[in-house]
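Asks: Below is the structure I would like to discuss, written out as structure tokens.
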Amino acid sequence: MRKFFLILLLSLDSLGTNKPNIVLILIDDLGLTDIGAFGSEIDTPNMDMLAGEGLIFSNYHTSPECAPSRAMLLTGMDNHNIGIPMIPEVMPRSLRNTPGYEGYLIPEALTLAELLRPHGYKTYMTGKWHLGFGGEETAALPHNRGFAKTFILDATGGDNYSNHSYLPYYAKAPWFKNGEPTTLPEDFYSSRFFVDEMIRYINEDIEKEGPFFSYISFQAQHIPLQVPKEYTDKYLDLYRNGWVSLREDRKNAAIEKGIFASEAPIVDSLKKYDAWEDLEDEDRAHMVKSAAVFAGMLNAMDYHIGRFIDYLKANDLYDNTIFIITSDNGPEGNDPSDHEIWNQWISTTNYNTNYETLGEENSYVYIGTEFAQAMASPHHMYKFHMNEGGIKVPLIISGPNIKQGIYREFSYVTDIASTITDIVSGQIHDQMIGKSLKNILAGNRAPIYSDDEYIGLEVTGNSALFKGRYKIVRNRPPSGDNVWRMFDLKDDPGETKDLSKTYPDIFQDLLSSYDEYVEVNGVVELPEDYFWADEMQVNTIKRRVYEYLPWGLLIIVIGLGAFILYRRK
Ligand SMILES: [Ca+2]
């Protein structure tokens, strides 16, 4: 009887045909002001068009790292309850027996694709997945987690022109087509390919009933930054005034666009670095061109989003499509050349950092800490950190019946899955902790979180908690001191004035909420001497040693055989 009702419900559901298509576009390591509509100098006309037609979220937060953000985005759950508390590359392997620390997306945490399919959605994904433990846990790949057609990379990043790994952790970038290991086409360029492949999936099923859910997860703007030369050439002169000037320009543009309050002070985040004028000419030129590659790569990605929009328009699909565009964390400030294991590894690869060909095939480009800090403008810090520069990123939602404007109240990564299930089914799925933004999309501008609700966040030992207008935050060494500070984000969104001693009662209340968050979600306190780069080195050796194990065993067997033969003689 129950089954009958379920079938009836499902068929009724598929009859209620006007459900919107949903396009979820995730950009990797994009700063708050990297998109034109948020104050960028980079050409992003297609995303700006969607932002102009839809709603801009100027106070949206995610986690500071790729994989946890992606898992939270797709499930609406806290990162400690889904198997991805931190990127698996830096997770101490001893933690894998702890519930919530499995290192891959556990089956109990349903993905949006699994939740949308029973409602008649056709489900597709292209691009970076990063939730299957580097391809080792195949049950956690998107093809086995609700996506009908997929072409994905199950790693923290990869080359944009080939299957080369960008880190010693991976021998080759682990690519999968519909759950099976696969190769890349000859003329592969990541952003173009993900869009082509997505168009192909939609087109193949265009006669089939039902809306589609398409998740395009770009490699842009993750390192190595790479893009065809003509895009870089457009921006060659743009960054010649350096990072201080870029940060200031972005801040002013963000104020003008209504993304940041004009009177709010900001942290002097760049003062601890070398002055731009004091750099060697050669280094400066290299950095200016690296930043141009960054800009070109984003411009190219936007161009391919434009092609996707054109396809939808040409096939009468655009008007009933909701676009959600966001980033998984703030800008990448890591300089890989600071790490000896990377320096040794890169010399064994085809990669080069030659000025002439920066951004082209086999070129390894990154913007470095100072430009990353500028691209998080006007905020402090960048990827991996719990200050606003690491976790406050762009969010644009546009589509049918979505009212234009800017939503300035706090919103959070887990709200997206809640919103999608609410739009599709009229309710937020039980597993989710996020709030629905449905009323906000319809024009309501009230806060969705009340003053006594808290949102806790812990990733790789760095922590934050939001409650009402306040936020507490702490970052571990080497960039932090592991001391909690408290900021009033309403009056001081730039996090310039620590109020922990000014309002000790409020500070204590937020600390207690954090303790409760740790307790409820089973957060493991990492050892004091934990350092992510050391852990990645250990995990790299553990992962790669298995590749050489069969050869080692073969040599031992041949050696033993030879020894026995010799003894028999
Ligand atoms: Ca990322």
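Asks: Identify the residue in segment 497-512 that is surrounded by fewer than 16 Cβ atoms within 10 Å (Cβ to Cβ) and either assigned by TED's automatic domain parsing to the domain that holds ARG247 or touching an Asp or Glu at 6+ places or on another chain (Cβ under 9 Å) (or both) and, among all such residues, is nearest to HIS380 (Cα to Cα).
Replies: LYS497
Asks: Further, regarding this structure: Does segment 407-417 include one or more residues that are of a type outside the set (D, E, K, R) and loosely packed, with under 15 Cβ neighbours inside 10 Å?
Replies: No, the conditions are met nowhere in segment 407-417.
Asks: Checking GLY132 against (1) surrounded by 21 or more Cβ atoms within 10 Å (Cβ to Cβ); (2) more than 13 Å from ALA155 (Cα to Cα), which single condition isn't satisfied?
Replies: Of everything listed in (1) surrounded by 21 or more Cβ atoms within 10 Å (Cβ to Cβ); (2) more than 13 Å from ALA155 (Cα to Cα), GLY132 misses just condition (2).
Asks: So if I check each of ASP481, ASP488, which one is surrounded by 14 or more Cβ atoms within 10 Å (Cβ to Cβ), over 26 Å from PRO99 (Cα atoms) and of a type in the set (Asp, Glu)?
Replies: ASP488
Asks: Continuing with this model, one more query. Test of understanding: among ARG93, ARG145, which residue is of a type in the set (Lys, Arg), in the same structural domain as GLN221 (by TED's automatic domain parsing) and over 26 Å from GLY210 (Cα atoms)?
Replies: Only one candidate qualifies: ARG93.
Asks: Here's another thing I want to ask about it. If you check every pair at least six apart or on different chains, which have Cβ atoms under 8 Å apart with a residue in segment 376-400 that is on the phi > 0 side of the Ramachandran plot first and a residue that is modelled with pLDDT under 95 and not basic (Lys, Arg) second?
Replies: What qualifies is MET381/SER479; PHE384/ASN334; PHE384/TRP532.
Asks: Let me ask something else. Could you tell me which of the residues GLU370, GLU356, GLU361 is without any contact (Cβ under 8 Å) to a residue 24 or more places away in the chain and either more than 16 Å from the ligand (Cβ to nearest atom) or out of contact with any Leu (no Cβ under 9 Å at 6 or more places or on another chain) (or both)?
Replies: GLU356 is the lone residue from the list that is without any contact (Cβ under 8 Å) to a residue 24 or more places away in the chain and either more than 16 Å from the ligand (Cβ to nearest atom) or out of contact with any Leu (no Cβ under 9 Å at 6 or more places or on another chain) (or both).
Asks: Based on this model, can you work out whether TYR470 counts as more than 30 Å from ILE255 (Cα to Cα) and not assigned by TED's automatic domain parsing to the domain that holds GLY405?
Replies: no
Asks: Could I ask something else about it? Would you mention how many residues in segment 80-105 are surrounded by 15 or more Cβ atoms within 10 Å (Cβ to Cβ) and assigned to a loop (DSSP other than H, G, I, E, B)?
Replies: Within segment 80-105, residues that are surrounded by 15 or more Cβ atoms within 10 Å (Cβ to Cβ) and assigned to a loop (DSSP other than H, G, I, E, B) number 13.
Residues checked against (1) over 25 Å from the mean Cα position of the chain (by Cα); (2) closer than 18 Å to SER40 by Cα:
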residue	(1), (2)
TRP243	no, yes
ALA253	no, yes
SER262	yes, yes
PRO265	yes, no
ALA275	yes, no
ASP278	yes, no
ASP281	yes, no
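Asks: Within segment 296-327, track down each residue that is within 16 Å of the ligand (Cβ to nearest atom) and out of contact with any Leu (no Cβ under 6 Å at 6 or more places or on another chain).
Replies: Hits for segment 296-327 are LEU298, MET301, ILE325.
Asks: State whether the residues of segment 108-123 include one that is within 16 Å of the ligand (Cβ to nearest atom), under 18 Å from the mean Cα position of the chain (by Cα) and modelled with pLDDT of 95 or more.
Replies: Checked segment 108-123: no residue is within 16 Å of the ligand (Cβ to nearest atom), under 18 Å from the mean Cα position of the chain (by Cα) and modelled with pLDDT of 95 or more.
Asks: Then there's this: Going through PRO64, PRO68 one at a time, which residue ends up being in a loop (DSSP other than H, G, I, E, B), modelled with pLDDT of 95 or more and either within 16 Å of the ligand (Cβ to nearest atom) or closer than 29 Å to PHE308 by Cβ (or both)?
Replies: From the options PRO64, PRO68, the qualifying one is PRO64.
Asks: Yes or no: GLY146 closer than 30 Å to GLN344 by Cα, modelled with pLDDT of 95 or more and out of contact with any Cys (no Cβ under 9 Å at 6 or more places or on another chain)?
Replies: Judged against the criteria, GLY146 is not a match.
The values are calculated or read from the model by the stated rules, or taken from the named source; none is laboratory data. Values in this document were obtained by computation on a predicted structure and should not be read as measured data. All Cβ positions, glycine included, derive from the backbone under ideal geometry; neighbour counts span all protein chains shown.
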